[in-house]
Amino acid sequence: MISISSQSKMFNAADIAPVTADEAHRLLQTALDRFLVLMESLNPQDWDKPTACAEWSVRDILAHQAGGYASGTSYKEILRQASHLPKRGQLIEDAINAFQLKERAGKSPSELINELKQVGPIAAKKWAYQFQLAKLISIPHPIAGSLSFRYLMWIIHSRDTWMHRLDICRATGKTFEQTRDHDGRIAELVMLDVANLLKKKYDGPALIFDLTGIAGGTWKIGNGEAAATIRMDMLEFNIFASGRYTYEEARPLATITGDVRPAEEALKKILVLY
């Protein structure tokens with residue numbers, strides 16, 4: 001028997017509306033504002049705590065965010081950071097992230113917060129409304145397939161800040177603030193990416209993803225009658241979809257009703273860009 005929760009209406013994930021420039025700006029600014037509120041609530045002992053990001057402490061994530069938003073202040077800064085080429089087997093974003101952390105190794109958390117306050121709103125506005133030439137460029141990417149700079153600026157930067165806020169809340173025991181409007185839209189755009197991914201990599205019957213929680217929702221992926229429903233907490237699903245959980249770690253957190261085999265096959269293929 002296939003069942004879905006009564007929390008929300010079911011939608012077709014392939015029909016999720018794309019982001020506009022105005023919405024991209026709202027998502028970026030809200031993600032930034034909430035991240036800064038969290039940063040200013042942390043205690044001195046929190047900064048060295050490990051996170052789900054391999055080799056990154058809470059302070060390292062803050063440094064990454066400061067460096068990431070700094071990259072959005074000008075073409076010059078984009079090129080300066082992008083000039084740090086990856087080592088063999090390293091993703092280009094990992095090389096840039098390492099440079100951002102190295103450059104800020106001597107800064108205190110308060111200095112990093114102040115930097116983020118200064119560069120964050122500038123980058124949010126420029127990513128939304130400027131860099132028009134850069135937004136025309138797409139590059140090959142092992143996770144996203146083809147990665148456009150508009151997709152990076154309009155969707156991934158806010159998603160990255162959102163996900164790292166969750167990383168830090170989990171590491172420090174802080175409450176992860178959620179609203180239906182902001183966090184629900186972040187989750188929805190992740191499901192659009194999941195739908196596009198499974199269209200390419202999953203050759204099975206339709207599935208229903210029933211993600212529970214304040215900002216959850218219910219989405220169908222695929223055509224025809226759904227063979228199974230995958231029910232999972234929305235935050236846990238995003239931790240998994242980002243690669244922070246392995247399939248083996250995530251599977252006990254998911255309840256599958258209906259045909260288990262294709263649902264598990266689909267879950268094993270899910271990895272989207274954050």
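Scanning for something within 21 Å of Asp160 (Cβ to Cβ), among the acidic types (Asp, Glu) and not assigned by TED's automatic domain parsing to the domain that holds Pro142, does the range 229-252 turn up at least one residue? Yes; the residues of the range 229-252 include at least one that is within 21 Å of Asp160 (Cβ to Cβ), among the acidic types (Asp, Glu) and not assigned by TED's automatic domain parsing to the domain that holds Pro142. Give me the pairs, please: first residue somewhere in the range 35-55 and in contact (Cβ under 8 Å) with a residue 40 or more places away in the chain and within 16 Å of Asn97 (Cβ to Cβ), second residue anywhere and assigned to a loop (DSSP other than H, G, I, E, B) and not aliphatic (A, V, I, L, M), beta-carbon distance under 6 Å, and either six or more positions apart or on two chains. Listed by first residue and then by second, the contacts come to Ala52/Arg244.
Conditions tested, residue by residue: (1) touching a strand residue (DSSP E or B) at 6+ places or on another chain (Cβ under 9 Å); (2) among the aliphatic types (A, V, I, L, M); (3) in contact (Cβ under 8 Å) with a residue 12 or more places away in the chain; (4) in a helix (DSSP H, G or I).
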residue: Lys107; (1), (2), (3), (4): no, no, yes, no
residue: Glu115; (1), (2), (3), (4): no, no, yes, yes
residue: Met153; (1), (2), (3), (4): no, yes, yes, yes
residue: Ser158; (1), (2), (3), (4): no, no, yes, yes
residue: Asp167; (1), (2), (3), (4): no, no, yes, yes
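Considering only the range 26-74, how many residues are of a type outside the set (D, E, K, R) and farther than 10 Å from His164 by Cβ? Qualifying residue count for the region: 26. Among the residues making up the range 233-255, a single one is surrounded by 20 or more Cβ atoms within 10 Å (Cβ to Cβ) and in contact with a Ser or Thr (Cβ under 7 Å, 6 or more places away or on another chain): Met234. Say whether the condition of being aliphatic (A, V, I, L, M), over 22 Å from Tyr245 (Cβ atoms) and modelled with pLDDT under 95 is met by at least one residue in the range 147-160. Yes, the range 147-160 contains at least one residue that is aliphatic (A, V, I, L, M), over 22 Å from Tyr245 (Cβ atoms) and modelled with pLDDT under 95. Of all residue pairs spaced 6 or more apart or on separate chains, those with beta-carbon atoms under 6 Å, a first member in the range 129-141 that is in the same structural domain as Gly89 (by TED's automatic domain parsing) and free of Cβ contacts under 8 Å to residues at least 24 places away in the same chain and a second member that is crowded, with 16+ Cβ neighbours inside 10 Å and not in a strand (DSSP E or B) are Lys135/Phe149; Lys135/Arg150; Ile137/Phe149.
Scanning the range 58-72 for any residue that is part of a loop (DSSP other than H, G, I, E, B), closer than 20 Å to Ile156 by Cα, outside the structural domain of Asn223 (by TED's automatic domain parsing) and modelled with pLDDT of 95 or more turns up at least one such residue. Looking across the range 35-93, the residues that are exposed (fewer than 14 other Cβ atoms within 10 Å of the Cβ) and among the polar types (S, T, N, Q) come down to Ser41, Asn43, Gln45, Ser83, Gln90.
Of the candidates Gln81, Gln45, the single residue that is assigned to a helix (DSSP H, G or I), among the polar types (S, T, N, Q), farther than 25 Å from Phe240 by Cα and touching a helix residue (DSSP H, G or I) at 6+ places or on another chain (Cβ under 6 Å) is Gln81. Just one of the listed residues (Asp193, Asp203) is charged (D, E, K, R), crowded, with 18+ Cβ neighbours inside 10 Å and over 16 Å from Leu28 (Cβ atoms), and it is Asp193. Being assigned to a helix (DSSP H, G or I), out of contact with any strand residue (DSSP E or B) (no Cβ under 8 Å at 6 or more places or on another chain) and either on the phi > 0 side of the Ramachandran plot or buried (at least 21 other Cβ atoms within 10 Å of the Cβ) (or both), is that true of even one residue in the range 135-145? For the range 135-145, residues assigned to a helix (DSSP H, G or I), out of contact with any strand residue (DSSP E or B) (no Cβ under 8 Å at 6 or more places or on another chain) and either on the phi > 0 side of the Ramachandran plot or buried (at least 21 other Cβ atoms within 10 Å of the Cβ) (or both): absent.
The values are calculated or read from the model by the stated rules, or taken from the named source; none is laboratory data. This structure is a prediction, so every number in the text was calculated from the model and none was measured. Don't worry about glycine lacking a Cβ; one is built from the backbone with ideal geometry, like all the others, and counts go over all protein chains shown.
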